[in-house]
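The values are calculated or read from the model by the stated rules, or taken from the named source; none is laboratory data. Small disclaimer: the values here were computed from a predicted structure and weren't measured. Using ideal geometry, Cβ is built from the backbone for each residue, glycine included, and neighbour counts are taken over all protein chains shown.
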Amino acid sequence: MPTLDIPKNLIKTEELIVIPKEEYKALLKLRTQRIQEVEMNILQNKALRVARKNLSKSNFLTIGDLKRKLGIAN
């Protein structure tokens, strides 16, 4: 793998990310696109409220619990 020396005056902050040019172009394109929002129906909205309530009470199954209930071994 090639090693690069980056001059400190180019870094300006402590974080620097290097990605291929094509990925950078795709990221810029995605950033400028508007993401279409989809409205939930009444049942979906109710289910989301219930799920958030259960999550706040730590009332949920872990993956391990689910596997045990279904009788699945690793």
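A search for C-beta distances below 9 Å between a residue of segment 53-70 that is free of Cβ contacts under 8 Å to residues at least 40 places away in the same chain and any residue that is surrounded by 10 or more Cβ atoms within 10 Å (Cβ to Cβ) and of a type in the set (D, E, K, R), counting only pairs 6+ apart in sequence or on different chains, returns N59/K53.
A quick yes/no check of all residues on (1) loosely packed, with under 10 Cβ neighbours inside 10 Å; (2) modelled with pLDDT under 85; (3) within 22 Å of the chain's Cα centre (by Cα):
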residue: T3; (1), (2), (3): yes, yes, no
residue: L10; (1), (2), (3): yes, yes, no
residue: E23; (1), (2), (3): yes, no, yes
residue: K46; (1), (2), (3): no, no, no
residue: D65; (1), (2), (3): no, no, no
residue: N74; (1), (2), (3): yes, yes, no
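Of the residues making up segment 50-57, none is in a loop (DSSP other than H, G, I, E, B) and modelled with pLDDT under 90. Does any residue of segment 10-31 turn out to be in a loop (DSSP other than H, G, I, E, B) and on the phi > 0 side of the Ramachandran plot? Yes, because at least one residue in segment 10-31 is in a loop (DSSP other than H, G, I, E, B) and on the phi > 0 side of the Ramachandran plot.
Is it the case that some residue within segment 33-42 is part of a helix (DSSP H, G or I) and surrounded by fewer than 10 Cβ atoms within 10 Å (Cβ to Cβ)? Full working, then the answer.
Start the filter on segment 33-42 by keeping residues that are part of a helix (DSSP H, G or I), which leaves 42.
Remaining after also requiring surrounded by fewer than 10 Cβ atoms within 10 Å (Cβ to Cβ): 42.
Yes, that holds for at least one residue.
All conditions in (1) surrounded by 10 or more Cβ atoms within 10 Å (Cβ to Cβ); (2) not in a loop (DSSP other than H, G, I, E, B) hold for K69, with the sole exception of (1).
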